[in-house]
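S.K.: Supplied in structure tokens, the structure appears directly below.
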Amino acid sequence: MKNGEGTMTTKYIKWTPEGGFDAGELSQAARTIREGGLVAFPTETVYGLGGNGLRPEASKKIYAAKGRPSDNPLILHIAEKEQLGRIARGVSEKAERLAEAFWPGPLTMIFEKAAVVPYETTGGLDTVAVRMPGHRGAIEFLKEAGVPVAAPSANTSGRPSPTRAAHVREDLDGVIDMVIDGGDVGIGFESTILDMTESVPVILRPGAVTKQMLADVIGEVVMDPALMSVGSGKPKAPGMKYRHYAPDAEMIVFRGEMEAVAERIRKQVRSYVRDGRYQADEIGILAAEETAGSYAEGQVVSAGSRRDGTVGKMIYGALRKFDELHVKMILSESFYELEQQEAIMNRLLKAAGQRTIDV
Ligand code: TXA
Ligand code: MG
């Protein structure tokens, strides 16, 4: 899954909530960024692949390491509010209120870019995406680096986003300079992206900061219509047009009432096996902890619990697990009852290439 030859030695360092960083390692990580190298780091959403966001060569390196199309812009990560004014123009009063309410946290806002931000970082756009991550280790690292850090998710393009350092290693070992291992992330899917350049702000990617939460602070907010249905218009976040978050296998999401969905998936497995289309162990089942035990056949991977809301945290790890199991077809339950359903179902449906069966 790695890109390129993977010829460099990637250095792994640790950050823990109790002990923080080793001071020498932190300054090495910061220096690596300032000098144009790449450092993967934990955030509260997913791991990011960081480079100096003001240096064109660093952004180019990020695209090369990920194997990502260079028209897909990067998010600039900042540690202090004062940095925003230097990289963005026309920051509105609404944006100020949102930053006050949700930063540091899983909200990315899009503004007109300032001249210092190179087009290599914004994928050629005149706008720039900015966020202040809600992770103490990330903030410490960004402060020490002292520059806005461009960081997409630290996976190779097309793979599920990394929620632990081991996922980063799978994709980028030998390709980047350093990885900061901060353990498992807290949220497990990427930040909400809100376009502040429109008179009514537009959600370009749903995340843990929901439409309602945004509306409570600034009033009207709309969803990019391209997110709502398949093939209707061009999404404004370039990244949303690619088949993304994808496991190696084909995937179908079954939608409907929980018990009926589980019953329908069991039937689907039986008919695949009976027809000789797949063997039972070539079929993956993505199930909530509560229903995982109800499948007698197929390789069941738990997506977490519906009751305690761990589904978000575990979803990308579960998709990676299916790659390891070498399944050919994944049948997935759906997760509409959770507060984060918008974001979670968006990622699942993208992983499935929008293939669904309504039960
Ligand atoms: O939670 C997150 O946002 C993570 C962590 C690492 O911070 N980052 C992340 O980055 O998800 P990435 O590159 O995987 O996704 C960024 C998305 C892409 O869909 C990209 O097209 C969109 O943001 N984006 C970035 N700049 C944009 C801009 N100026 N206008 C519209 N969309 C933009
Ligand atoms: Mg990504």
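S.K.: Cα atoms only, the stretch 258-359: Rg and Dmax in Å?
M.R.: Computed over the Cα atoms of the stretch 258-359, radius of gyration and Dmax are 12.8, 39 Å.
S.K.: Going down the list K81/K236; K66/K321; K60/K328; K14/K236; K143/K321, which pairs span over 31 Å between their C-alpha atoms? Present the calculation step by step, with values, prior to reporting the outcome.
M.R.: Working: K81/K236 26 Å; K66/K321 20 Å; K60/K328 34 Å; K14/K236 36 Å; K143/K321 34 Å.
Correct reply: K60/K328; K14/K236; K143/K321.
S.K.: Another one. Take every Cα pair under 8 Å in the chain that's 6+ residues apart, average their separations, divide by the length, and report that relative contact order as a whole percent. Mind dumping the intermediate values first?
M.R.: Values: 818 pairs, mean separation 68.7, N = 359.
The value is 19 percent.
S.K.: On to the next question. If one takes the longest principal axis of the Cα atoms in the chain, at what angle in degrees, from 0 to 90 and to the nearest 10, does the Cα axis of helix 93-102 lie?
M.R.: With rounding to tens, the tilt is 60 degrees.
S.K.: Still on this structure, I have one more. Using DSSP, restrict attention to beta bridges with both residues in the chain and report what percent are antiparallel, rounded to the nearest 5. Display every interim value, and only then the final one.
M.R.: Details: 18 of 48 bridges.
The antiparallel proportion sits near 40 percent.
S.K.: Let me ask another. Take every Cα-Cα distance within the stretch 26-133, group them into 5 Å bins from 0 onward, and report for each bin the whole-number percent of pairs it holds.
M.R.: 2, 12, 23, 24, 22, 12, 4, 0
S.K.: At a Förster distance of 25 Å, what's the computed FRET efficiency of K14 paired with R307, Cβ-Cβ distance as r, to 0.05? Can you show the working numbers first?
M.R.: Working: r = 32 Å, r/R0 = 1.28.
That gives a FRET efficiency of 0.20.
S.K.: With every protein chain left in place, what is the accessible area per residue of the stretch 33-85 in square angstrom, probe 1.4 Å?
M.R.: Numbers: 1640 Å² over 53 residues.
It amounts to 31 Å² per residue over the stretch 33-85.
S.K.: Could you run the Karplus curve 6.51 cos²θ - 1.76 cosθ + 1.60 with θ = phi - 60° over the stretch 337-346 and give me ³J(HN,Hα) per residue in whole Hz, x for Gly and Pro?
M.R.: 3J(HN,Hα) across the stretch 337-346, in whole Hz: 8, 8, 4, 8, 4, 4, 5, 5, 5, 4.
S.K.: If all Cα-Cα distances of the chain are sorted into 20 Å bins from 0 onward, what percent lands in each bin, rounded to whole numbers?
M.R.: Once binned at 20 Å, the Cα pair distances of the chain give 30, 57, 13, 0.
S.K.: Which whole-angstrom value gives the distance between the alpha carbon centres of the stretch 166-233 and the stretch 292-359?
M.R.: Comparing the Cα centres of the stretch 166-233 and the stretch 292-359, I get a distance of 18 Å.
S.K.: Does anyone have the angle between helix 311-325 and the longest principal axis of the chain? Alpha-carbon axes, 0 to 90°, nearest 10?
M.R.: So the helix axis and the longest Cα principal axis differ by about 70 degrees.
S.K.: Give me the aspartates and glutamates in straight-line cross-link reach of K211: C-alpha distance below 20 Å, same-chain residues under 8 apart excluded.
M.R.: The reachable aspartates and glutamates, counting only those whose Cα sits under 20 Å from K211, are E44, E93, E96, E100, E190, D195, E198, E220, D224, E337, E339, E342.
S.K.: Evaluate the Debye formula for the stretch 130-221 with equal point scatterers sitting on the alpha carbons, no solvent, and hand back log10 of I(q)/I(0) at q = 0.10, 0.17, 0.21, 0.25 Å⁻¹, in q order, two decimals.
M.R.: Reported log10 I(q)/I(0), two decimals: -0.34, -0.90, -1.17, -1.36.
S.K.: Moving to a separate point now. So how do R31, R131, R89 rank on accessible area, 1.4 Å probe, biggest first, that is with the largest at the start?
M.R.: R89, R31, R131
S.K.: How much accessible area per residue does the stretch 286-342 have, counting only protein heavy atoms and a probe of 1.4 Å, in square angstrom?
M.R.: Working: 2430 Å² over 57 residues.
Value for the stretch 286-342: 43 Å² per residue.
S.K.: Kindly report the accessible area of the stretch 128-183 per residue (heavy atoms of protein chains, probe 1.4 Å, no ligands, DNA or RNA), in Å². Provide the component values of the computation, followed by the final result.
M.R.: Values: 1400 Å² over 56 residues.
It amounts to 25 Å² per residue over the stretch 128-183.
S.K.: Put K350, K60 in order of accessible area, largest first, 1.4 Å probe: what do you get? If you can, show how the numbers build up before the last one.
M.R.: Working: K350 20, K60 125 Å².
From most accessible down to least: K60, K350.
S.K.: I want the local charge near G37. Using Cβ-Cβ distances under 13 Å, sum +1 for each Lys or Arg and -1 for each Asp or Glu among the other residues.
M.R.: On the way: positive: K11, R31, R34, R55, K60, K61; negative: E35, E57, D177.
Local charge sum for G37: +3.
S.K.: Right, here's the next one. Pop the C-beta distance of K81 and R274 into the FRET formula with R0 = 45 Å and round what comes out to the nearest 0.05. Mind dumping the intermediate values first?
M.R.: Numbers: r = 61 Å, r/R0 = 1.35.
Efficiency for this residue pair is about 0.15.
S.K.: Could I ask something else about it? Within the accessible area of the chain, what % is carbon and sulfur when the probe is 1.4 Å and the other protein chains stay in place? Don't jump to the answer; show the numbers that get you there.
M.R.: Details: 7250 of 14800 Å².
That share works out to 49 percent.
S.K.: Viscosity 1.002 mPa s, temperature 20 °C: what is the translational diffusion coefficient of the stretch 313-359 from Stokes-Einstein with a Kirkwood Rh over Cα pairs, rounded to a whole number of µm²/s?
M.R.: Values: Rh = 11.6 Å.
Estimated via Stokes-Einstein, D reaches 185 µm²/s.
The values are calculated or read from the model by the stated rules, or taken from the named source; none is laboratory data. Keep in mind the model is a prediction, meaning the values are calculated, not measured. Glycine gets a Cβ as well: all are built from the backbone with ideal geometry, and neighbour counts include every protein chain shown. Ligands, DNA and RNA are excluded from the accessible area calculation, which covers all protein heavy atoms including side chains. Shrake-Rupley method; radii C 1.70, N 1.55, O 1.52, S 1.80 Å.
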